[in-house]
Amino acid sequence: QVQLVESGGGLVQPGGSLRLSCAASGTILSINVMGWYRQAPGKQRELVADITNFGSTNYADSVKGRFTISRDNAKNTVYMQMNTVKPEDTAVYYCAARIGSSWYWGQGTQVTVSS
């Protein structure tokens, strides 16, 4: 069984910064991909960024240049540094991990960008 636990969400002002973390635990040999998705009210869940176990990254166009994803393979942890946040970044952010052919999801953490 694999569990993902997110932390770091909260309220931040426009233009501010926030750092999300997600730690995976359980029976894990290797995590192929770790990533962050988000879902705003009334919208579909979308990919924000992901990173492979080799460090290759992928970002949504809307966050390129503002968000940075990284991971610590030894700790099975993925991070996302969110800079210059905008009100449209407000959403529930979910951590995801692909292990073999299976995907695992965290419970989600709320990020609210508002003055």
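A few remarks follow.
- If you go through the stretch 57-86 and keep only what is of a type outside the set (Asp, Glu), open to solvent by 70 Å² or more (accessible area, probe 1.4 Å) and not in a strand (DSSP E or B), you end up with Lys64, Gly65, Asn73, Ala74, Lys75, Thr84, Lys86.
- Residue in the stretch 24-35 that is nearest to Gly9 (Cα to Cα), counting only those that are surrounded by fewer than 17 Cβ atoms within 10 Å (Cβ to Cβ) and not β-branched (Val, Ile, Thr): Ser25
- When residues of the stretch 37-52 are limited to those that are in a strand (DSSP E or B) and out of contact with any Phe, Trp or Tyr (no Cβ under 6 Å at 6 or more places or on another chain), the one farthest from Val92 (Cα to Cα): Thr52
- Candidate set from the stretch 87-104 (those that are within 20 Å of Val33 (Cα to Cα), assigned to a strand (DSSP E or B) and of a type in the set (Gly, Ala, Ser)); member that is modelled with the lowest pLDDT: Ser102
The values are calculated or read from the model by the stated rules, or taken from the named source; none is laboratory data. Bear in mind the structure is a predicted one, so any value in this text is a computation, not a measurement. Methodologically, a virtual Cβ is constructed for each residue, glycine included, from the backbone with ideal geometry; neighbour enumeration extends over all protein chains shown. Note: accessible area is taken over every heavy atom of the protein model, side chains too, but ligands, DNA and RNA are not part of it. Shrake-Rupley method; radii C 1.70, N 1.55, O 1.52, S 1.80 Å.
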